[in-house]
Structure formats: structure tokens, C-alpha cells
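**Q** Structure below; questions to follow.
Bear in mind that the values in this text are calculations on the coordinates, not laboratory data. Keep in mind it's a predicted model, so treat the numbers as computed, not measured. All Cβ positions, glycine included, derive from the backbone under ideal geometry; neighbour counts span all protein chains shown.
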Amino acid sequence: MSLKWTHPIQLYEMTATKPLLSLFLLSIILCAAIIAATGMGFLKISPAEVIQILWSRLLGEQAQAINPTFPFVVMEVRLPRILTAALVGGGLAVAGAVFQAILLNPLADPYTLGISSGAAFGASLAIILSIFGIMIPAWLSIPIFAFIGAMATLVGVFSLASSDNRLSSNTLILSGVIIAAILSAGIGFIKYLADEQVSIIIFWLMGSFVGRTWVDVLSTALVVIPGLFFTLYFARDLNIMALGERTANTLGVDSSRVKKTLLVAASLITAICVSVSGIIGFVGLIIPHLLRMILGPDNRILLPACFLGGATLLLGADTITRAWLPSEIPIGVLTSLIGGPFFCYIFRKKQLALTS
Amino acid sequence: MTLRERLFSIQDLCFSYRSTPVLEDISFELHRGKFYGLIGANGSGKSTLLELLMATLSPLSGSITYKKKQLDHYSRQELACRLALVPQHFSMDFEYLVRDVVLMGRHPHIPRFSSPAPHDIKAVDTAMETMDISHLQNRPVIALSGGELQRVVMARALAQETEVLILDEATSNLDIQHTIAIMKVIRRRVSEKGLTVIAAIHDLNLAAAFCDDCLVLKERRIYANAPVKNIFTSQLLRDVFSVDAEIHCTTEDRHPQIQYNYL
């Protein structure tokens, strides 16, 4: 039996060309995807025109487009939505990779600690309050409530898990499951109260990027991008922590501090993503997995690659539902519908390769 | 016998998990360039004592000094450059290559955001050669057998190039060939390069063959602490392990060997 291990990247000793090349390629693909997606939709705009509009806007000039409505469509309608989708996709994928590395569990995703349930509960609460006419305006209160809900969940999970000083992954995951179960019951109760208007809550939960503005882009970017660099700072410690907490400690890594810091950082990223877009599954699970298979487990490459890959994937999915499908289906449903079977295929192929 | 530098000095050490006492009134010293065996029945506190020496646990009372300085006054990084641990259990869920894992032993020596220097690479190559795993270096660790994995973990600790090596039953998963080979390698490093080794060992004959001194733990306390030549007696084996055995001393070899009475 001779196994051929095709493993493209050697940790540490990488000559820095291969991983950097793959990051460069991923960046190019993301840029191309953004430009292509901006041109697609009811009004077709060619990539050249998109670039021209962006360029002239960057220089502060009045765009000389063929159609005078194009600059408005690009700058005010499509680009905010596209950039929000990209940032959310990137953020969820990075958060997923961090959760997987910290909890030493390849099955973890950004929602493992129940952050999504917290956000969903917050959002449902805002929606039910606005249905009862207490809280206005909903477009502002929903993301804020969702964010607060997500952060409160994190605090809850941490205080529940804190009896275990080392914050072992089993304790954390179990605490997340418990809190999420309670919150799900709460969401169910709110849905029941909403009665006939329950569809508003259900649609929010399924996720959407419809009508996102530059405010959404900015608030997401302000958390996700610093979050990426922050997690990147600890990337090598994360690699070492794959050896197990005890061994990592003997190698000079303060595991429990790194663990806590990064859990908070990844949860913050998740919270902002969920609060602007609703609950979008699978990106945070599938992208880190897929890229780990291609690029290897080194977090210093994996984390930025996840950001770029997640951004491209979610942007692609959002463009499909926005520009291709006859009517928009919720993005969270779409990602799971496409992502699930694809992941099954990859997973099966890999298992077969390992056992043959 | 030359006077050796004192590395560890342990005074009146006590430790307990919550309300369960694990170690009581432990006092001993460890000197540079010696191979110490730590023996005792299951649950006698061996692993806990090793963790206390590694500073991954803090004593409840008493003190541990390393080179005349309190152990908890060292930073994690400083300790990682001085003490290396080979744990009893090791598993990994991510597909790091064997070479990557061995290189992780260089982590405390490589500044953040730096690439490994040539001597880091050399330390890794040497450690892999020593542990006879060079041919596995581009295999993911999750595809290795238990024994191969243990040699990888050992190589990682050797690559760390510390002055003290702490082994927590590090050869328990190995076949006899690799066990003896590894013990010989470590013994040579102790004798020739002044490495200090503290090893929790279950196989008493192995301890008798390779260690200089043995610390025997019984019910949370130190039962005996003496050179290996005169520590093993039928009395000790009966008291500590409740087994009946005879001790043989081969004439050409100064190490005692234990013959258990199985019936």
C-alpha cells in the first residue's frame, strides 16, 4: 500500500511563494466576482463600465456613463449589497475557522456557541415589539437587538462554562447547546405571539441582503476586517494549540488566554454578520473545511484564505438569488441547498481517498 | 563523583484537585545531567507531579524552584526554552504533516511572524533522524500508527532543545525495539550532553536499566528516593505495587532486573 499524500503546503518551511500565490489568486477571484456581480441584474452593465464608474467615483469625478442611471444603480443599489454579502461571507468563514481551531473540532462553526440563536432571539424580539407598535423603526432596532442578543448569549455561555477553569471544548459546546435550546424555545414563543405576522420573523431568520446600505457595509467592515487581522496575529498560537492545551502550554502558548480572546473576537465577528444579514448557514463550516483540504491546516494561510473564499462564495450565492433566479429565495436557504450536497461530495471523495 | 548543578528544588509540596489531595509533603532535588525515573502505582500522583514541574499546574502549598528562582516567576516562553514535555496521550484532529509537528517544537525559539532559521530546520532534521521518522516527514500525523505518533511527539520534544526533558510514560505505546532504541538515545544525551530527564515509567525493568535515580511515589507521598542500584528490593515491590518479585543483579551489568512471581 503506498499512499500518495499530495499536500501542497509545508508549514513554516513554505518558501512563501505557494501560499502567497494562492492568496493572491483568491483575491483576484474575489475582485473579479465583485465587478461581475455588480454588472449583473435587471439592468445589464458591462464589467468595463462598472470599472469606469468605480474609477471615476474614486477620483471624485462625475461618471461619464452611457446610461445616466448606471452610476446610481452601481453605487447606491448594488455595491452596498454586494460588499455586505462579501464581508459577511468572509467574516463567517474566518469565525468558523477560528472556532474549529480553538474547539479542536472540525465540525464547529460560528454558531456552535449559540450566537445565532441569541441574534435570532434579539431580532425576533425587535420584530414582535414593532408589530405591537412599541419599537420603531424596525430597520434600526432589528440589527441592534440581534447584536445585543448575540453578545448576551456569549456572556451566558461563558459564565455557564466558567466553572471549568480550562474552558474545555466539551464544556463550551455543551453550554452553547443548552443556551441555544432555551433561546429557541423563546423564539418559538415569540413566533406564537406574532400570530399572523410570523412570516416577518421567519424571513429574517432565513437571511437576506435585500436593501443593504453603505451603513451596513461600514459597520460590518469595521468589525470583520480588524477581526481578521486580530485573529491572524494569533494564527501561529492556534497552530500550536492543535497539539492540545497541555502541550501548547509547555511550548510557551498561554492557551486559555488565547482561547478566551479569540472566542470573543470570533463571536463579535459572527454577531455583526448575523445582525446585518440574518442567519446564513454553511459558509462558516464549508469554507474552512474546503480550504483546509486544499491549502493545509496552517492558520496563517487558512484565515486570510477563508476570508477571501467565504466572501466570494456568499457573494456568488447572493448574486444567483438576486440576478439569476426568477424570484429571490432566502440566501440562508440557498447556501445550505448548494453547500450541503457539494460538501457531501467533497467529504465522500476524501474518505474514499483515505481508505483506498 | 563530581558535584552537579542543582536544577529543581522542591520543598514541602502539596497539591489537590478540588478537595481530593493528590500530593502531600513532597520534597526532593533534581540535578543536572541525570536520568530520573518516577515510579509508582496508577493514581499515585506521577502525572500531577510532572505537571507541577512543568508549571502547567500550580502547587497548593510549598515551593518549586528552578535554578534558584521560583518556577512561577518564569514566563511560559522562558520555561518552554528550558523544559520539554512528552505527554502520555497525544491526538490531533487536523492534518498537519509530521515535519510540521516536529517544527512546532521550535515554536518558543522562533519570534512571532518570523520564519524558522537554518538552525531551527537543522534541529528538526536531527530530531527526526534520531527518532527514525525521517521517512514519515511528509505524511499527515492523523495517518500514523500509535507508535509512530509517539516517536513524532518525542522528536518534537527533542527539537525543542531544552536542558530538561520530562517524559510522561512516553514509551508506553512503543514496541520493544523502539522502546530500547529511544531509551538508549536519551540515555546517551544524558551521559554525553548533560541533558536532564525526569521520566514517569511503568516498566520497572526499563527504569532499572536506564535511570540513575528513582523516585518512588506511594499514596501521595515519596516512599523512596535513591540510586537505582539499591532502590529495588522485594520489600519495596510488595509495599508499593503489592506484587511478589525477586531482584536479580547480573554480574557484568550493574542494573538490577526484576523477576515477577506470576503464580
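**Q** Mean residue ellipticity at 222 nm from the helices of chain A, using -39,500 (n - 2.57) per DSSP H segment of n ≥ 4 over the full residue count, to the nearest 500 deg cm²/dmol? Display every interim value, and only then the final one.
**A** Working: 14 runs with 250 residues, N = 356.
The per-residue figure over chain A is -23500 deg cm²/dmol.
**Q** Counting only DSSP beta bridges with both residues in the protein assembly as shown, tell me the antiparallel percent, nearest 5. Walk me through the numbers on the way to the answer.
**A** Values: 27 of 45 bridges.
Around 60 percent of the beta bridges assigned by DSSP in the protein assembly as shown are antiparallel ones.
**Q** Would you work out which of A:LEU222, A:ILE187, A:GLY211 lies farthest towards the positive end of the dipole of the range A:177-247? Charges go on Cβ: Lys and Arg +1, Asp and Glu -1.
**A** A:LEU222
**Q** Pairs to check: A:LYS191/A:LYS259; B:LYS67/B:LYS229; B:LYS67/B:LYS193. Give those whose C-alpha atoms are more than 29 Å from each other in this structure. Don't skip to the answer; put the middle values down first.
**A** Values: A:LYS191/A:LYS259 35 Å; B:LYS67/B:LYS229 27 Å; B:LYS67/B:LYS193 18 Å.
From the list (A:LYS191/A:LYS259; B:LYS67/B:LYS229; B:LYS67/B:LYS193), the Cα-Cα distance tops 29 Å for A:LYS191/A:LYS259.
**Q** Please average, across the residues of B:84-93, the number of beta carbons from any other chain that are within 10 Å of each residue's own beta carbon, and give a whole number.
**A** Values: counts 3, 5, 2, 5, 1, 3, 4, 3, 5, 9.
Counting other chains' Cβ atoms within 10 Å and averaging over B:84-93 gives 4.
**Q** Given springs between every Cα pair under 10 Å in a Gaussian network model of chain B, which of B:ASP168, B:ASP12, B:ASP213 has the largest fluctuation?
**A** B:ASP12
**Q** For chain A, what's the relative contact order in percent, using C-alpha pairs closer than 8 Å and at least 6 residues apart?
**A** Values: 501 pairs, mean separation 102.0, N = 356.
Value for chain A: 29 percent.
**Q** If you put +1 on each Lys and Arg Cβ and -1 on each Asp and Glu Cβ, how big is the dipole of the protein assembly as shown around its Cα centre, in Debye rounded to 20? Write out the running numbers ahead of the final one.
**A** Working: 49 positive and 46 negative charges, 145 e Å.
Dipole size: approximately 700 debye.
**Q** Still on this structure: Take the Cα atoms of chain B, build their convex hull, and give its volume per residue in Å³.
**A** On the way: hull volume 41.2 nm³, N = 263.
That works out to 157 Å³ per residue.
**Q** Still on this structure: Which ordering of A:ASP237, B:ASP203, A:ASP109 is given by a fewest-first count of other beta-carbon atoms within 10 Å? Kindly include the intermediate steps, with their values, before the conclusion.
**A** On the way: A:ASP237 23, B:ASP203 17, A:ASP109 28.
Result, fewest neighbours first: B:ASP203, A:ASP237, A:ASP109.
**Q** Taking only DSSP H segments of four or more residues, each worth -39500 (n - 2.57), what value at 222 nm results for chain B once the sum is divided by all its residues, to the nearest 500 deg cm²/dmol?
**A** It lands at -8500 deg cm²/dmol.
**Q** Between A:LEU325, A:LEU107, A:LEU218, which gets the highest mean-square fluctuation from a Gaussian network model of chain A, Cα cutoff 10 Å?
**A** Comparing A:LEU325, A:LEU107, A:LEU218 in the GNM, the peak value goes to A:LEU325.
**Q** Indicate, rounded to the nearest 5 percent, the antiparallel portion of the DSSP beta bridges found entirely in chain B. Display every interim value, and only then the final one.
**A** On the way: 27 of 45 bridges.
Counting only bridges with both partners in chain B, antiparallel ones make up about 60 percent.
**Q** Counting only other residues whose beta carbon sits under 9 Å from that of B:LYS46, what net charge do I get with K and R as +1, D and E as -1?
**A** -2
**Q** Oh, and also: Under a straight-distance cross-link criterion of Cα-Cα below 16 Å, which aspartates and glutamates are reachable from A:LYS350, leaving out those fewer than 8 residues away in the same chain?
**A** Within reach: B:ASP93, B:GLU95.
**Q** Using a 7 Å offset from the Cα along the Cα-to-Cβ direction at both B:HIS248 and B:ALA143, what is the distance between the two label points in nm, to one decimal?
**A** My value for the distance between the label points is 4.4 nm.
**Q** Work out the charge dipole of the protein assembly as shown with +1 on the Cβ of Lys and Arg and -1 on the Cβ of Asp and Glu about the Cα centre, then indicate which of B:PHE94, B:HIS107, A:PRO330 is farthest towards its positive end.
**A** B:HIS107
**Q** Can you give me the Kirkwood hydrodynamic radius for the range A:46-355, using every pair of distinct Cα atoms, in Å to one decimal?
**A** Details: mean 1/r = 0.0491 Å⁻¹.
Hydrodynamic radius (Kirkwood, Cα pairs) of the range A:46-355 is 20.3 Å.
**Q** For the protein assembly as shown, what is the Kirkwood hydrodynamic radius in Å, using each pair of distinct C-alpha atoms?
**A** Values: mean 1/r = 0.0364 Å⁻¹.
Final number for the Kirkwood radius of the protein assembly as shown is 27.5 Å.
**Q** Also, quick follow-up: Pick from B:ALA245, B:ALA209, B:ALA123: which residue has the top mean-square fluctuation in a GNM of chain B where Cα pairs under 10 Å get a spring?
**A** Maximum fluctuation in the GNM of chain B, among the listed residues, is at B:ALA245.
**Q** Please report A:MET206, B:MET104 as a ranked list, fewest other C-beta atoms within 10 angstrom at the top and most at the bottom. Don't skip to the end; give the middle numbers.
**A** Values: A:MET206 18, B:MET104 26.
Ranked by crowding around the Cβ, least crowded first: A:MET206, B:MET104.
**Q** How shielded is B:105-116 by partner chains, expressed as the average number of their Cβ atoms within 10 Å of its Cβ atoms?
**A** Details: counts 4, 2, 10, 5, 1, 2, 0, 5, 5, 2, 5, 3.
What the average comes to for B:105-116 is 4.
**Q** Could you put A:HIS289, B:HIS119 in order, starting from the residue whose Cβ has the fewest other Cβ atoms within 10 Å?
**A** On the way: A:HIS289 22, B:HIS119 11.
Lowest to highest Cβ neighbour count: B:HIS119, A:HIS289.
**Q** Counting partner chain Cβ atoms within 10 Å of every residue's Cβ in A:249-260, what's the average? Let's see the in-between values first.
**A** On the way: counts 9, 17, 15, 11, 6, 3, 2, 0, 1, 0, 0, 0.
Mean number of neighbouring Cβ atoms from other chains: 5.
**Q** Let me ask something additional. Can you tell me the dipole magnitude for chain B around its Cα centre, using point charges on the Cβ only (Lys, Arg +1; Asp, Glu -1), in Debye to the nearest 20?
**A** Numbers: 29 positive and 31 negative charges, 144 e Å.
Once rounded to the nearest 20, the dipole reads 700 debye.
**Q** So, one more: Treating only the Cβ of Lys, Arg, Asp and Glu as charged (+1, +1, -1, -1), what charge dipole size does chain A show about its Cα centre? Round to the nearest 20 debye. Could you put the intermediate results ahead of the total?
**A** Numbers: 20 positive and 15 negative charges, 153 e Å.
The dipole magnitude comes to about 740 debye.
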